[in-house]
1. How much solvent-accessible surface does THR6 expose, in Å² to the nearest 10, with a 1.4 Å probe and all protein chains in place?
2. Scale the Cα Rg of the range 132-208 by the rule-of-thumb value 2.2 N^0.38 Å and send over the ratio, two decimals.
3. Quick one: which residues, 5+ away or cross-chain, put their amide H under 5 Å from the amide H of VAL54? H built at 1.01 Å from N.
4. For the chain, set up a GNM with springs between Cα atoms under 10 Å and report which of ASP18, ASP208, ASP84 has the largest fluctuation.
5. Return the FRET efficiency for the residue pair HIS87, LEU171: r is the Cβ-Cβ distance, R0 is 25 Å, and the value is rounded to the nearest 0.05.
6. In whole angstrom, note down how far apart the Cα centers of the range 65-81 and the range 143-192 are.
7. How large is the convex hull of the Cα atoms of the range 164-232 per residue, expressed in Å³ as a whole number?
8. Please give the calculated 222 nm ellipticity per residue for the chain, where each DSSP H segment of at least 4 residues contributes -39500 (n - 2.57) and the sum is spread over every residue; nearest 500 deg cm²/dmol?
Amino acid sequence: MTSIGTGYDLSVSTYSPDGRVFQVEYANKAVDNSGTAIGLRVKDGVVLAVEKLVQSKLLVAGANRRIQSADLHIGIATAGLLADGRHLVNRARDEAQAWRDIYRQPIPGKTMADRLGQYISAYTLYSSVRPFGTSTIIGTMTDNEPSLYMVEPSGVYWGYRGCAIGKGKSLAKTEIEKLDLENMTVREAVKQITRIIYSCHDDAKDKDFELELSWICAESQYKHQFVPKDIKLEAETLAKESSDDEMED
């Protein structure tokens, strides 16, 4: 009876008899229909990557970014509804600014994940609102110490060494588990995360995509910045060669 909504999915404030909140599950489905987003925490930094599906060939390249900065030291990658992702990034910026105004220092990554999680959770409590149809990966560097968190549409957040969201998350997680993240540098992580994004993309089913790559490390002065074009191009070339080799095998 409850495997489908059957009336229990009309409001986010209603539980089904077996304790499920269907509106939150539907929000997770919106995330699963989006392009893959990956975050890697390595020994000297954090790397974020997003497979941004191009909806039309007429769109301007680089528009509607899914990776944005919430503060100098915080990068956020989103998968799901783009407008919801933008809203959460703006909320994260407000939280980061409020923390600086009060404490005169950058907001810690765990605090940012906690506050954003509480905000998202509030939208699962009232029938007058709907849950956010987006998951966010938060990468930070505080006191030269990298951290990575993922916040779900339910408001739950987890700390990770490597995580993936979106339609290719299952394959991406399998590939991430093979990596030695403890001893990996950000340069190596850029190549690996690009390879994983390309391996998750299905050319037959999916539309063309743009790769978004950002990092926080010593090379970026511990600020969240997009990976330089030459490094990104080298990583994409290696990923395409690796993908071609797998197809030949």
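The values are calculated or read from the model by the stated rules, or taken from the named source; none is laboratory data. Keep in mind the model is a prediction, meaning the values are calculated, not measured. Cβ: placed from backbone, ideal geometry, glycine included. Neighbour counts: every protein chain shown. Note: areas computed on protein heavy atoms with side chains; ligands, DNA, RNA excluded. Shrake-Rupley method; radii C 1.70, N 1.55, O 1.52, S 1.80 Å.
1. Roll a 1.4 Å probe over it and THR6 shows about 80 Å².
2. Details: Rg = 13.8 Å, N = 77, 2.2 N^0.38 = 11.5 Å.
Against the compact-globule rule of thumb, the ratio is 1.20.
3. Those qualifying (amide H under 5 Å, at least 5 residues apart or on another chain) are ASP208, PHE209, GLU210.
4. ASP18
5. Values: r = 29 Å, r/R0 = 1.15.
For R0 = 25 Å, the calculated efficiency reads 0.30.
6. Using only Cα atoms to place each centre, the spacing works out to 14 Å.
7. On the way: hull volume 7.0 nm³, N = 69.
Cα convex hull per residue, to the nearest whole number: 101 Å³.
8. Numbers: 6 runs with 90 residues, N = 249.
About -12000 deg cm²/dmol.
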